[in-house]
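The values are calculated or read from the model by the stated rules, or taken from the named source; none is laboratory data. Remember, it's a predicted structure, so these values are computed and weren't measured experimentally. Quick reminder, even Gly has a Cβ in these numbers, built from the backbone with ideal geometry, and neighbours come from all protein chains shown.
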Amino acid sequence: MKKIIVSAIVLLLVSCNCTKKQTQEIAQNQNTKTAKISFAKKYANTITAKEMKTNLYVIASDKFEGRNTGEKGQKKVAAFLAKKYQKMNIPSAFGTENYYQNIPVAFFRGKSKHDSENVLAYIKGIEKPEEVLVISAHMDHLGVKNGVVYNGADDNGTGTVALLEIAEAFKQAKKAGKGPKRSILFLHVTGEEKGLFGSRYYSEHPVFELKNTVANINVDMIGRSDTIHKADKNYVYVIGADRLSTGLDKAVTNANKNLKDFTLDYKYNDRNDPERIYYRSDHYNFAKNGVPAVFFFSGIHKDYHKSTDTADKIDYDLLTTRTQLIFYTAWDLANNPERIKVDRDGK
Ligand SMILES: [Zn+2]
């Protein structure tokens, strides 16, 4: 790699008849480019399976009672997340000790018996703190039915633990003086399974103005694989990235260049997708408000929305690779000199 860069510089030098200053600039540009790649990689490599597995076995255990919106199990996972962020020294988005965005019971129109809450953690940007990237995942699931716990390990224990790991990677980078240029909001939403309530509440009561929200990356079910990819499981579905912004789509493609032999599958990005996956998770509440949004998803499997969606069935290596891809995408969106533009019509 280095050799290629050196010869590229030599070529440029020969071809442009450069002044000394130009020569220095070319060399400098090359250096910063290399530096950027290696920093992203350095922190992506802190994302490992171990912690995600430990955390997932906790939140998808029977003790969390299927994390039903407004119920004890969902409150438990909210508290679990707040504690994790506190421990990582990542503050709440409100600048207080409180990580919760409370959602009154009335908002759920009878689908929750109690108030519920989103959990919001925040890493402030170094150069453009007013511009915010939102990374979201729903923490709720289906609860207990007829005495059987629906553990929701893939849906969406995987997205939930991925966010924690991505946050930790950005926090470590910030500690080392490589904090993101833009701010990042880690948004754990509630009420998704009841009809995308938590994300809708956030979009109607945003903590940071939506016009300053650069993009939304949504993560919902990234720990399994479907029958279509039986032969090669190194894939993830990318949904919605190109609908509002070519820049967002490019950020995902660029991120994937950091991975080896990994496929971005756009099947569910088809405008005529009969399953309408694009409309079925929390990113949609951003997209419909004009915020470029991308949804990462690994597909439907036989345990989807069944009590058998358990932590032992997760492929933790795949979960790690996909989480790294999401981290690289976030790194690009948060650090690129130019904010991505809304240049598509959303269709
Ligand atoms: Zn889900």
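Specify the residue that is nearest to the ligand (Cβ to nearest atom); the eligible residues are those in region 190-232 that are part of a loop (DSSP other than H, G, I, E, B) and surrounded by fewer than 16 Cβ atoms within 10 Å (Cβ to Cβ). Checked region 190-232; the qualifying residue nearest to the ligand (Cβ to nearest atom) is Gly195.
Scoring Leu163 on the criteria (1) free of Cβ contacts under 8 Å to residues at least 60 places away in the same chain; (2) more than 16 Å from the ligand (Cβ to nearest atom) leaves a single failure, condition (2).
Total residues in region 291-327 satisfying the condition of being on the phi > 0 side of the Ramachandran plot and touching a Leu at 6+ places or on another chain (Cβ under 7 Å): the figure is 1.
Screening Glu130 against (1) modelled with pLDDT of 95 or more; (2) farther than 24 Å from Ala287 by Cβ; (3) surrounded by fewer than 15 Cβ atoms within 10 Å (Cβ to Cβ) leaves a single unmet condition, (2). Scan (1) in a helix (DSSP H, G or I); (2) within 26 Å of Met221 (Cα to Cα) for the single condition Lys111 breaks and write down its number. For Lys111, the failing item is (1).
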